[in-house]
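> Below is one structure. I have some questions about it.
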Amino acid sequence: MKRWIALVVIIALAGAAAGYVIDAPFAPFATGPWRQTATFLDDATAALVSLVGRGGAIAAPLLVGAVLCGLTLFAARKADGKQDGESLPGPVWRPEASAEEQAAEQNDRSGPDRRSLASSMPDPEDLLVRPVVLVRKARSRSRDWFDDTSWLGGLPKLAGIPWPRDRNGAPLPFAAQIDLARIAAAFPGNPLPGNPLPEAGSLAFFVGTGAVVPVPAGDHEFSRPPAHLPPAYDEGGFPLPRHASRLSHEFFPFWPVEAVSLALPEALRDPHRPGDEPAIEQAMTERLAQRYPLRNGPLTVQEPVERVWWHGALHLANLFHVALDEASLQIDRRESRTDGARDDVELLGADPDTTPLRLEAARRAVDREDARLHACRMQHAALEQVTQAMDEFTRERDPWAPLTSEESTVLQDVLVHVNRDCADLVRHHVPQTLADLAAFSLRAMVSGPPEALAQVSDAELAHINAAYRLANLHQHQIFGPGGSRRAMGEDHRRDVLLLQLAYDDMMEWNWGDMGLYQFWISPEDLANRRWDRASLTFEEG
């Protein structure tokens, strides 16, 4: 709607400006304070006519208006198409309904049972009163980590339901599966009409282009990932990469969650008063802080590092390979720029109008490009040697075993060497310290298989369980306004927040700009259990 208002305003202003040029001057007919304004506009019109002619002066505002309209439509289209980007979702995946399903849908919409169910649903804004936060559970050595009924990451349990795919047939990355009985249990004593979700079964959530899959209650096995499942994340990097690499993983770390409902203070329970979203989120944060320490940043390891695991060394070897692959492209670009600089010197030398000063500047440019190319080749050769050495150093190592003191010293020397002598090639790939590698391994081990957890000390496990169970800034959440001001304030003011997935380094959910994935559904579709009509948005945090 806003884009059309902007277009109407632009067209009206352009037309008014062109009309003014046609009928000017106006100052002789103006009186009072308008005479000075009209005189200024008449002078500007006269100057424009003298510059481009009367026809050009009439066409100029129309041309400017057309350009502004085009830019407005392009910006709107880009905003709509933002979901097609590398890390942003596109349109929600919806399976095509059969003729029988379409007929059943028409009956559902008109049937008295469905109408009564929809009319009994609470106002979606009433769900601001009791948002439900999904808190990652503490890791315990004494219980089966993979036997919980609500979890983030890992694989889904779809009970034979086909894995959802996008419009091109690519399987979607799995993000979470929530036991609806656990959500219902978080609502005892709720002053609202009731929990609007079913009280049995579960919902499985997929990102990418987005899908919500209802799963019937029962003891199901984890689903086998389909062939050609796109990577969920690059280890130590970013989620939903466009292309797979040796750093890629098909699914996120597995982490069970518990549902914690948060009743808000009376002052924030007016569901029809907009603008309370920041205060609501602050109230949620204060209530969470009474039970869980809030995050003050990503998981870190303090220097001096006591232990480093071969998992980190193997990761570093993979990082060297990735940097080496991209280094070859950098050399190609450097060679191309050097060849271009030499061509410029030849062209200038053949031009009799070229001044000696300009020719000397072009030759200095060749020298600079030559020096950069030589440095890049030297760094590439050094990186090749250290990559081969790291491959030998890490060959057939147990990833969960710690390095000895001497081996840690070798690894430290390697880090110093590559960050000093191969800086241009590894700057965006390789960590600076052993502490970075140790923190990376701890994240993987604390949510990993039992043999990985066994290498985490009691002190390290207790620290992570105590201080790192919440997301980094906003929370993983069901109901409430969520962390997105724009989505709740505009597009989804009347919708229900089915699930919010926040930035969380422990989950490898390093969403861009501390962003949020949010699944929304209208009250009518929620009442009719039309999960296929849920929409997925991505907002900056």
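> Along the stretch 219-231, what does the Karplus equation 6.51 cos²θ - 1.76 cosθ + 1.60 (θ = phi - 60°) give for ³J(HN,Hα), rounded to whole Hz, x for Gly and Pro?
Each residue's phi maps through the Karplus curve to give 8, 9, 8, 4, 6, 6, x, x, 5, 6, 5, x, x Hz.
> A further question on this structure: Give the shape of the stretch 310-465 as rounded, prolate or oblate, defined through the alpha-carbon gyration tensor: a ≥ b ≥ c are the square roots of its eigenvalues, a/c under 1.5 means rounded, and otherwise the shape is prolate if a/b is larger than b/c and oblate if not.
Verdict is prolate for the stretch 310-465.
> Could you give the length gained by full extension between Glu384 and Thr354, i.e. 0.36 nm per residue of separation minus their alpha carbon distance, to one decimal place?
6.5 nm is the gain from fully extending Glu384 to Thr354.
> Can you work out the Karplus-derived ³J(HN,Hα) for every residue in the stretch 392-398? Use 6.51 cos²θ - 1.76 cosθ + 1.60 with θ = phi - 60°, whole Hz, and x for glycine or proline.
5, 4, 9, 4, 6, 8, 6
> Considering only DSSP states other than H, G, I, E and B, which trypsin sites (Lys or Arg not before Pro) in the stretch 193-302 qualify as loop sites with at most 13 other Cβ atoms within 10 Å?
Loop-located and lightly packed - Arg242, Arg246, Arg291.
> Related question: Let me spell out the model: positive unit charges on the Cβ of Lys and Arg, negative unit charges on the Cβ of Asp and Glu, origin at the Cα centre of the stretch 310-465. What dipole size does that give, in debye rounded to 20?
Dipole about the Cα centre, nearest 20: 340 debye.
> Just name one of Leu316, Thr338, Pro352: the one whose Cα is farthest towards the positive end of the charge dipole of the stretch 308-355 (beta-carbon charges, Lys/Arg +1, Asp/Glu -1).
Ranked along the dipole, the leading option is Leu316.
> Also, I was wondering about something else. Say R0 is 30 Å: what FRET efficiency, to the nearest 0.05, do Asp367 and Gln412 get from their beta-carbon distance?
0.20
> Using the Karplus curve 6.51 cos²θ - 1.76 cosθ + 1.60 with θ = phi - 60°, work out ³J(HN,Hα) for each residue of the stretch 501-518 in order, rounded to whole Hz, and write x for Gly and Pro.
Per residue, the Karplus-derived 3J(HN,Hα) values read 10, 9, 4, 8, 5, 5, 9, 6, 9, 8, 4, x, 6, 6, x, 9, 8, 9 Hz.
> Taking K and R as +1 and D and E as -1, what net charge do the other residues with C-beta under 9 Å from the C-beta of Leu453 add up to?
Taking every other residue near Leu453 into account, the sum is +1.
> Please list the non-local residues whose amide H lies under 5 Å from the amide H of Phe252, H modeled 1.01 Å from N, same-chain partners needing a gap of 5 or more.
Result for Phe252 returns Gly154.
> Any idea what the dipole of the stretch 227-280 comes to, in debye rounded to 20, about its Cα centre with Lys/Arg Cβ at +1 and Asp/Glu Cβ at -1?
My answer is approximately 220 debye.
> Trp309's amide H: which non-local residues (gap 5+, or another chain) put their own amide H closer than 5 Å, with H modeled 1.01 Å from N in plane and none for Pro or chain starts?
The list, which skips near neighbours in sequence, is Leu403.
> Starting from the Cα gyration tensor of the stretch 497-541, take the square roots of the eigenvalues, sort them a ≥ b ≥ c, and report rounded, prolate or oblate (rounded when a/c is under 1.5, otherwise prolate if a/b is larger than b/c, else oblate).
Cα axes put the stretch 497-541 in the prolate bin.
> Cut-off 19 Å, label point 7 angstrom out along Cα-to-Cβ of Arg143: give me the residues of the stretch 285-328 whose amide nitrogen falls inside.
291-293
> Moving to a separate point now. Would you work out if the stretch 273-354 is rounded, prolate or oblate? Take a ≥ b ≥ c from the square roots of the eigenvalues of the alpha-carbon gyration tensor; rounded if a/c is under 1.5, else prolate when a/b is larger than b/c, oblate otherwise.
Oblate is the answer for the stretch 273-354, as a/c is 1.5 or above yet b/c matches or exceeds a/b.
Laboratory data are not the source of any read-out in this text; all were calculated from the coordinates shown. Everything numeric here is computed off the predicted structure, so don't read it as measured data. Positions of Cβ are backbone-derived with ideal geometry, glycine not excepted, and every protein chain shown enters the neighbour counts.
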